[in-house]
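Have a look at the structure below, then the notes.
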Amino acid sequence: MTLRVSSACVGTRFPRTQKFFERRSMKRTTALIICICLLAALFGCGKKPSPEGLGNGWEPVSETELSFAHEFSIDEYEGGYKLVSINEGGRFLIVPEGKAAPKGISPDIAVLMQPVKNIYLAATAVMCLFDGLGRLDAIRLSGTRADGWYIENARAAMEAGSILYAGKYSQPDYELILKEGCPLAIESGMIGHASDVKAQLEKLGVPVLVDRSSYETHPLGRTEWIKLYGALLGCEEKADALFNEQVGLMNSVGGEKTGKTVAFFRISGTGYAVARKSGDYVSRMIALAGGEYAFKNLGDDSAMATVNVEMETFFKTARGADVVIYNSTIGGEIASMEEFLALNPLMKDLKAVENSAVWCTRESMYQQTLNIGRMISEINAILNAAPGDEKELVYFFRLK
């Protein structure tokens, strides 16, 4: 049975009942506010770092504006001092050239004196950002050999000897790092698998900055890390300009859906199809370009960005995809449709093969964090390309 109380009754004949409903309404409103706050904390747009300040009483005068990145923040202080805070990646005070480090700062803050030079760079996704800023001169040591770089200027610098190989991230050449007076090591999230290396570098007096751009949820959040390195190197205006250029390229697509599905994958040496997880930044680039990632709800509990898919399951999904983009960043580029079909006899049954809509990535794609906006615009061009339309793209090419 439902009790119905008219507004007239509540207001006149049953004052106690009115107070009861008012109290209950207030409790519900309070509870709702608390729930909203909790949900915002749990499922917010991003987990931005929470800087604790310098610890010496200084107050920041401004904060660097970020559009997509949530894994770092930059607080600016009087005199040009900047505090970089990275989620699970440490805090770093950038001290302007000619000025002294402030006294009394928190012991967990690493002090970096500008100009910052002789860096040991073991995070491959970062090299293109330094290259774009025109500051490869700040890097002295690399965690990748010359032949592993698809960034022409980086490879040339190593061949010329201005950048030296100092061992990969898990096996750095500590002696060389100390000899070169390295003030900073820039590592990727992979350093979490070699925590002893990070500890040893810090023990030797080399601060370790963990680049967490790969943890950004929005593809351009990765590119926005150029603002961090712009602050580090004292070229913020150029960093802003480069980032805004990529935002412009993404926005030029218009965000309209094309209605086309895209299968993005590679075939491993063991015969599995290796696809990016749903929600991965590649699938998000496809969505921003107006497409739909074919592998829906694909993922597991591992930290890996890819999933091995059995061929039967793979073909069930990929057979009807409008466009295929073959990931050649691992295993080398495929030069022709003939090579693609040789990967598996069933490839010939793909709709994209029949419609001449099979494309391949350039090997350089994953080292080009700076150009994600351009990649999105190129994927959009692929989605809108007619069968005989020859498009000159930088990061993709059609198989013939």
Which whole number of Å³ per residue matches the convex hull of the alpha-carbon atoms in segment 320-362? 67 Å³
Report the dimensions of segment 62-248 along its three principal axes from the alpha-carbon atoms, largest first, rounded to Å. 43, 40, 33
Least to most buried among VAL95, VAL206 (fewest other Cβ within 10 Å first): VAL95, VAL206
Descending packing, highest mean Cβ count within 10 Å first, for 98-106, 269-277 is 269-277, 98-106
So, with +1 on the Cβ of K and R and -1 on the Cβ of D and E, and no other charges, what is the size of the charge dipole of the chain about its Cα centre, to the nearest 20 debye? 2080 debye
Cleavage-rule hits (trypsin sites (Lys or Arg not before Pro)) in segment 279-336: DSSP loop, at most 13 neighbouring Cβ within 10 angstrom: LYS296
Taking the chain and counting helices only, DSSP H stretches of n ≥ 4 at -39,500 (n - 2.57) each over all residues, the nearest-500 ellipticity at 222 nm comes to -9500 deg cm²/dmol
List the aspartates and glutamates whose Cα sits under 16 Å from the Cα of LYS348, skipping any in the same chain fewer than 8 residues away. GLU312, ASP322, GLU338, GLU339
Assertion target for ARG374, ARG222, ordered by fewest C-beta neighbours within 10 angstrom first, is ARG374, ARG222
Relative contact order, percent, of the chain when contacts are C-alpha pairs under 8 Å separated by at least 6 residues? 12 percent
Convex hull around the C-alpha positions of segment 254-398: the volume in Å³ per residue is 111 Å³
Could you list HIS70, HIS193 so that the one with the fewest beta carbons within 10 Å of its beta carbon is first and the one with the most is last? HIS193, HIS70
How far apart, in nanometres, would the label points at ASN244 and LYS351 be if each is projected 7 angstrom from Cα along the Cα-to-Cβ direction? 4.2 nm
Please give the Cα centre distance for segment 84-157 versus segment 216-260, rounded to the nearest Å. 19 Å
Label points 7 Å out from Cα along the Cβ direction at ASN384 and THR217: separation in nm? 2.9 nm
Whole angstrom only: what separates the Cα centroid of segment 333-354 from the Cα centroid of segment 183-203? 42 Å
How many percent of the alpha carbon pairs in segment 345-384 exceed a separation of 11 Å? 71 percent
So if I place +1 on the C-beta of Lys and Arg and -1 on the C-beta of Asp and Glu, and nothing else carries charge, what would the dipole magnitude of segment 254-398 be about its Cα centre? I want it in debye, nearest 20. 280 debye
Taking GluC sites (Glu not before Pro) as exposed when in a DSSP loop with at most 16 other Cβ atoms inside 10 Å, the chain has its longest clean stretch at 98-255
If you project the alpha carbons of segment 182-340 onto the principal axes, what extent comes out on each, in Å, largest first? 54, 39, 32
On a C-alpha basis, how far is the centre of segment 272-328 from the centre of segment 63-81 in Å? Whole number, if you could? 34 Å
Pick out, from CYS235, SER62, PRO96, the residue whose Cα sits farthest towards the positive end of the charge dipole of segment 62-248, with +1 on the Cβ of Lys and Arg and -1 on the Cβ of Asp and Glu. PRO96
Too-long pairs where the Cα-Cα distance tops 31 Å, listed order kept, from LYS82/LYS296; LYS179/LYS227; LYS168/LYS257; LYS168/LYS260; LYS227/LYS351: LYS82/LYS296; LYS168/LYS257; LYS168/LYS260; LYS227/LYS351
Using Cα pairs under 8 angstrom and six or more residues apart, how large is the relative contact order of segment 271-328, in percent? 41 percent
Using 0.36 nm per residue of separation minus the Cα-Cα distance, give me the extension gain between LYS296 and ASN118 in nm, one decimal. 59.6 nm
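Every number here is computed from the coordinates shown, using simple stated rules; none is lab data. Predicted model, so just to flag it, every value in this text is computed and none were measured. Reconstructed Cβ throughout: ideal geometry from the backbone, glycine too, with neighbour counts over all protein chains shown.
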